[in-house]
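For reference, the structure is listed below as structure tokens.
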Amino acid sequence: TVIARPGNGRVNRKPSGSTVGETKRLLSEGLSIAEIAESRGLSPNTIVNHLQRLLTAGEQLDLSHLMPQGDRLARIEAAFRQTGDERLAPVRELLGEDYSYEELALVRLDMRQRGMFD
């Protein structure tokens, strides 16, 4: 796509479809969801949605640097096994407000990628 800028001639612009690809690139550089969102001027929820789209398209993502550690991860995974992966709210109700929806969504993505709900 080409856009015109007054007094500047024509400037090439990335196609809008590259936004998910840019999220993937920044993820591969080890950035957190918050860092990716801030650098892109998007919400963390939008970044998590990009990751979901990538996984749905068959991409393999290294989410390890985004995952909670130890017992926290084990509790989240156990809650998803108990409630299923359709909705985040039942998992959060089970675990409490100390767990963010973003954290739950990332663990769910990782579990789906590993085929834990098949």
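The values are calculated or read from the model by the stated rules, or taken from the named source; none is laboratory data. Keep in mind that this is a model prediction, so the values were computed, not measured. Please note: Cβ atoms are built from the backbone with ideal geometry, for glycine as well, and neighbour counts cover all protein chains shown.
Considered as a group, the residues in the stretch 83-118 that are surrounded by fewer than 16 Cβ atoms within 10 Å (Cβ to Cβ) and of a type in the set (A, V, I, L, M) include one that is modelled with the lowest pLDDT, and that residue is Met116.
Which one of these does Val107 not meet: (1) within 10 Å of the chain's Cα centre (by Cα); (2) in the same structural domain as Lys24 (by TED's automatic domain parsing)? Condition (2) is where Val107 drops out. Within the stretch 17-26, being over 10 Å from the mean Cα position of the chain (by Cα) and closer than 19 Å to Met67 by Cα holds for Arg25, Leu26. When the helices (runs of 4 or more DSSP H) confined to the stretch 14-118 are screened for residues that are in contact (Cβ under 8 Å) with a residue 60 or more places away in the chain, those reaching at least 1 such residues are found at 33-40, 44-56, 101-113.
Given the options Glu77, Glu102, Glu29, name the one that is under 13 Å from the mean Cα position of the chain (by Cα) and of a type outside the set (A, V, I, L, M, F, W, C).
Every option except Glu102 fails the conditions.
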